[in-house]
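Below you'll find the structure, written out as structure tokens, and then a few comments.
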């Protein structure tokens, strides 16, 4: 009797796991269709999607055919939540890992440097229950700056800081420049190109502005 109960429980668990996997795999495929429509709207007038290749069950690559500009061999890598794998999905939720879109392309000329910029935000909370107006905050805005421990760092990198600062509205989580292909890549939360996002139609202009900053730094 006990063995039958255990066997029935195992079978029920397996069936549940299979049903979960199949259903959420279907959900990710449906979400991918929505994302491709967002991409079409975000890059409208600048290019179109030329093909899609699935990398994993929750990530895929979309080739972009762009009008002549600073980008060559452009593509997007979209990473969705791994909903079909319960443990990975739960871990991502705990770590608050967002779904992301990574734009990557070659430039007309490769950068003369390798650079990786990650976007970090810090918040400060003062102790006590004093009202905000009583704290007499003094807030100042500073320009971009570089802190380095190297004597031979490439000072032309500072020419790009203005373009990187302009990308704050798109909440870029990472910007990379490489001397090897792909020369340029930018990662943003997937919601940055969602229809309700005010940055959807601006994403291409932001990408182009950052990339042109790298081109300007070569001269």
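Laboratory data are not the source of any read-out in this text; all were calculated from the coordinates shown. All values reported here derive from a predicted model rather than from experimental measurement. Positions of Cβ are backbone-derived with ideal geometry, glycine not excepted, and every protein chain shown enters the neighbour counts.
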ask   = Of the listed peptides 6-13, 200-207, what is their order by residue-averaged count of other C-beta atoms within 10 Å, with the highest listed first?
value = 200-207, 6-13
Projected label distance in nm at residue 27 and residue 171, using a 7 Å step from Cα toward the beta-carbon = 2.0
ask   = Mind ordering 106-112, 172-178 by average Cβ neighbours within 10 Å, highest first?
value = 172-178, 106-112
query = Where the convex hull is taken over the Cα atoms of the stretch 1-106, what is its projected area averaged over directions, in nm²?
reply = 8.3
remark   = Here the gain from full extension of residue 41 to residue 53, 0.36 nm per residue of separation minus their alpha-carbon distance, amounts to 2.3 nm
